[in-house]
Amino acid sequence: MPGVFAEVRDGDRTWRGAAGVADVATRRPVTAGMRHRVGSITKTFTAAAVLQQVESGRIGLDTPIGRYLPRLVPGARGQAVTVRMLLNHTSGLAEYLPYAYPSLKGFPVFADTGPESLDDNRFTRFHPTELIGMGVAAPPAGAPGGTPGVYSNTNYLLLGALLEEVTGATAEECITRNVIERAGLQDTALPTGPYVDGPHSRLYEEWFGMIDPPRDYSVFDMSWVGPAASLISTVADLNRFYRLLLAGEVVSPWSLAQMRHTVPVVSQEGRTIDYGLGLHPMEIPGQGTYWGHGGTVWGGGALAMTRADGERQLCVAVNAQRWNRLDASGTPRPHPIDAALAAFYRLATGG
């Protein structure tokens, strides 16, 4: 792992730390204040923006998405899939990624994938309706409302399109104005191009040992995930955001209760997790329930966790991804990095 940086909060006390390098060639060190691509942590921001529109009466949480976006989700399926099902990944809509990135056609069986599409699409500007169309046209991942649900970025691109339909602004404008600015986040933004502004790390993708040496993907057009996973932020901003969210200062207490109502969902790693509306709980032995989200992009990852009472928080970022090699069955093997991160999580959460 080239570099790792984090912020931990306990009441009014804050610790920030960083180790390693942001650039393996120049040996420039990482710092705790660096801006970073935080992947699917974006989903909590998008979900909060949708819940705000539910509060205003523009969106019905249990209204079929076909009433808002009949061209994107037509026919019976559009009448069966509700806004809530998009938020908690029980829509049954498939993931579009293996159709947008042909070398990932075997996804989620990683042994049947390759990294070639990452280079092919570094500067590709996808339109969200193009990606949504791939997910809607693909064989369903399940029946609408069925559990366990299946995690799918198609759901959150549709939520971005829904925000545009009901507000008249782009999803990025809506999330920025109503969530990012409302929470007072100074170093958080949804990108409009392939670059990260401000101090940041390079991002090293290994793709399970298929990219050797690891390749830098810090310059990448993030339209392939948009309001599902393109956010740029800092560990301090993310801790501030989740603290305010869980205090009922970003959405109403009613909306927060909806966000924390979970169902079983199969993650992209094949694990069944409890998932709410853009939030999921993590049980820490001896410390209770933490709420938050994790995220990955090509070469980078982050995890943000806030204890249910809002008093203890952890946000950690890393600048490499998919460091695990695969075993004969195509399952990622355990790696010392996994154990080191787990030990840090235990320490940072008070264990």
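The values are calculated or read from the model by the stated rules, or taken from the named source; none is laboratory data. Keep in mind it's a predicted model, so treat the numbers as computed, not measured. Cβ placement follows ideal geometry from the backbone for every residue including glycine, while neighbour counts extend to all protein chains displayed.
Could you grab me the full set of residues in the stretch 23-80 that are of a type in the set (Lys, Arg) and touching a Leu at 6+ places or on another chain (Cβ under 9 Å)? Within the stretch 23-80, Arg37, Lys43, Arg77 meet the criteria.
Scanning the stretch 11-31 for residues that are of a type outside the set (Lys, Arg), modelled with pLDDT of 95 or more, under 20 Å from Ala304 (Cα atoms) and out of contact with any Pro (no Cβ under 9 Å at 6 or more places or on another chain) yields Thr14, Trp15, Gly17.
Out of curiosity, is Phe110 over 20 Å from the mean Cα position of the chain (by Cα) and in contact (Cβ under 8 Å) with a residue 60 or more places away in the chain? Against the criterion (over 20 Å from the mean Cα position of the chain (by Cα) and in contact (Cβ under 8 Å) with a residue 60 or more places away in the chain), Phe110 does not qualify. Of all residues in the stretch 234-248, none are modelled with pLDDT of 95 or more, of a type in the set (Gly, Ala, Ser), under 15 Å from Ile41 (Cα atoms) and not in a helix (DSSP H, G or I). How about the stretch 13-45: which of its residues are closer than 16 Å to Cys315 by Cα and surrounded by fewer than 22 Cβ atoms within 10 Å (Cβ to Cβ)? Correct list: Arg13, Thr14, Trp15, Arg16, Gly17, Ala18, Ala19, Thr31, Ala32, Gly33, Met34, Arg35. Of all residue pairs spaced 6 or more apart or on separate chains, those with beta-carbon atoms under 9 Å, a first member in the stretch 289-306 that is touching a residue at least 60 places away in the same chain (Cβ under 8 Å) and a second member that is among the acidic types (Asp, Glu) are Val297/Glu205; Trp298/Glu205; Gly299/Glu205; Gly299/Glu206; Gly299/Asp216; Gly300/Glu205. Of all the listed residues (Pro194, Pro139), the sole one being outside any helix (DSSP H, G or I) and in contact with an Asp or Glu (Cβ under 9 Å, 6 or more places away or on another chain) is Pro194.
For the stretch 277-287: of the residues being out of contact with any Asp or Glu (no Cβ under 8 Å at 6 or more places or on another chain) and without any contact (Cβ under 8 Å) to a residue 60 or more places away in the chain, which is surrounded by the fewest Cβ atoms within 10 Å (Cβ to Cβ)? Per the criteria, the residue is Glu283.
Within the stretch 252-297, being more than 15 Å from Leu87 (Cα to Cα) and in a loop (DSSP other than H, G, I, E, B) holds for Ser252, Gln268, Glu269, Gly270, Arg271, Pro285, Gly286, Gln287. Scanning the stretch 330-347 for residues that are touching a residue at least 60 places away in the same chain (Cβ under 8 Å) and either among the charged types (D, E, K, R) or loosely packed, with under 11 Cβ neighbours inside 10 Å (or both) yields a count of 1.
Somewhere in the stretch 124-139, is a residue loosely packed, with under 15 Cβ neighbours inside 10 Å, of a type in the set (Gly, Ala, Ser) and at pLDDT 95 or above? Yes: the stretch 124-139 contains one or more residues that are loosely packed, with under 15 Cβ neighbours inside 10 Å, of a type in the set (Gly, Ala, Ser) and at pLDDT 95 or above.
Residues checked against (1) without any contact (Cβ under 8 Å) to a residue 24 or more places away in the chain; (2) under 15 Å from Lys43 (Cα atoms); (3) of a type in the set (Gly, Ala, Ser):
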residue: Met134; (1), (2), (3): no, no, no
residue: Pro139; (1), (2), (3): no, no, no
residue: Gly149; (1), (2), (3): no, no, yes
residue: Cys174; (1), (2), (3): no, yes, no
residue: Thr192; (1), (2), (3): yes, no, no
residue: Asp216; (1), (2), (3): no, no, no
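Scanning the stretch 44-73 for residues that are in a helix (DSSP H, G or I), in contact (Cβ under 8 Å) with a residue 40 or more places away in the chain and hydroxyl-bearing (Ser, Thr, Tyr) yields Thr44, Thr46.
Quick check on the stretch 315-329: of everything there that is out of contact with any Phe, Trp or Tyr (no Cβ under 7 Å at 6 or more places or on another chain) and buried (at least 24 other Cβ atoms within 10 Å of the Cβ), which residue is farthest from Tyr345 (Cα to Cα)? Checked the stretch 315-329; the qualifying residue farthest from Tyr345 (Cα to Cα) is Val318. Which residues, counting only those in the stretch 1-43, are part of a loop (DSSP other than H, G, I, E, B) and within 19 Å of Phe220 (Cα to Cα)? Ala22, Asp23, Val24, Met34, Val38, listed by residue number.
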